[in-house]
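All remarks here apply to the structure that follows.
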Amino acid sequence: TSIPIKKLVIEVDFKNIPLLLNIKQNLMRYFNAYSIEITDKWRGLEYRVKLKRENLGEIYKPLAHVIESVISKIDAKKFKEEIEKNNYEIGIEGNLITITPQMVEFRYELPKNYEMIELPYVKIFFDNGIDDELENYMVVKKLSRRISFMRKKASVEYDDYIDLSLSDSKLLKNILKPYTNKLMDELRIRKIN
């Protein structure tokens, strides 16, 4: 993708983890990923509760949307523990509603912005969200490509160091600050003005 993947999680059999760790940097470049995690069991799935509308009594069906809203705000794990001990009661619009285990289901779901690809021996989870940190990373990647292009155009030898001058911008300085050393090493920059 032209926009980097914020986080890439590769879930594989434990015996294959060392192999993937050896090529982690190549995977990051190949997938254009900002960060990558290789694991045998990803623990990023979120535990959620879902209302089974079809199992609601006729009295509760008109309130299904409100019930769903209320139970979505309750911690799902605690809610499951409570509902397994005894039924769970919530107050909605002056009514005391009893939630039974048959009215809800609990399951693991992908977090917001995540997608999943499942293949025979691997699961890949990736975060498509864009935040300030990822936008800064995209600026640095563009700058890096531009500098590489200019080095090639100016026929600068690979081993030669260059001096880099950028427009004086506080925003650009703040974006580059965490990446300065990496840029200087990768692009053989002696100093940045």
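The values are calculated or read from the model by the stated rules, or taken from the named source; none is laboratory data. Note that the structure is predicted; figures quoted are calculated from it, not measured. Neighbour counts run over all protein chains shown; Cβ positions are idealised from the backbone, glycine included. Just the protein is used for accessible areas: all its heavy atoms, side chains included, with ligands, DNA and RNA removed. Shrake-Rupley method; radii C 1.70, N 1.55, O 1.52, S 1.80 Å.
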From (1) touching a residue at least 12 places away in the same chain (Cβ under 8 Å); (2) of a type in the set (D, E, K, R); (3) open to solvent by 60 Å² or more (accessible area, probe 1.4 Å), pick out the condition that doesn't hold for E11. (3)
Restricting to the range 147-193, give me the number of residues that are of a type in the set (S, T, Y) and part of a helix (DSSP H, G or I). 3
So, in the range 36-56, of the ones that are open to solvent by 40 Å² or more (accessible area, probe 1.4 Å) and part of a loop (DSSP other than H, G, I, E, B), which residue ends up farthest from S2 (Cα to Cα)? K52
What's the total number of residues in the range 129-153 that are open to solvent by less than 70 Å² (accessible area, probe 1.4 Å) and free of Cβ contacts under 8 Å to residues at least 60 places away in the same chain? 8
Only residues in the range 41-53 that are in contact (Cβ under 8 Å) with a residue 60 or more places away in the chain count as the first member; pair them with residues that are part of a loop (DSSP other than H, G, I, E, B) and open to solvent by less than 80 Å² (accessible area, probe 1.4 Å), Cβ under 8 angstrom, at least 6 apart or cross-chain, and list the lot. G44/P111; L45/L110; L45/P111; E46/L110; E46/P111
Every residue in the range 88-109 that is open to solvent by 80 Å² or more (accessible area, probe 1.4 Å), at pLDDT below 85 and not acidic (D, E), please. G94, L96
Can you give me the number of residues within the range 13-29 that are among the polar types (S, T, N, Q) and within 21 Å of the chain's Cα centre (by Cα)? 2
List every residue pair whose Cβ atoms sit under 6 Å apart, with the two residues 6 or more apart in sequence or on different chains, where the first one lies in the range 110-128 and is surrounded by 13 or more Cβ atoms within 10 Å (Cβ to Cβ) and the second, anywhere, is of a type in the set (G, A, S) and part of a loop (DSSP other than H, G, I, E, B). N113/G129
Of Y60, Y34, which residue is at pLDDT below 90, of a type outside the set (K, R) and under 20 Å from G129 (Cα atoms)? Y34
Could you give me the residue pairs with C-beta distances under 6 Å whose first residue belongs to the range 58-81 and is open to solvent by less than 40 Å² (accessible area, probe 1.4 Å), whose second residue is of a type in the set (K, R) and outside any helix (DSSP H, G or I) wherever it lies, and which are 6+ apart or on separate chains? A76/R48
Among the residues of the range 97-145, write down those that are touching a helix residue (DSSP H, G or I) at 6+ places or on another chain (Cβ under 9 Å), within 29 Å of E84 (Cβ to Cβ) and among the aliphatic types (A, V, I, L, M). I97, I99, M103, V104
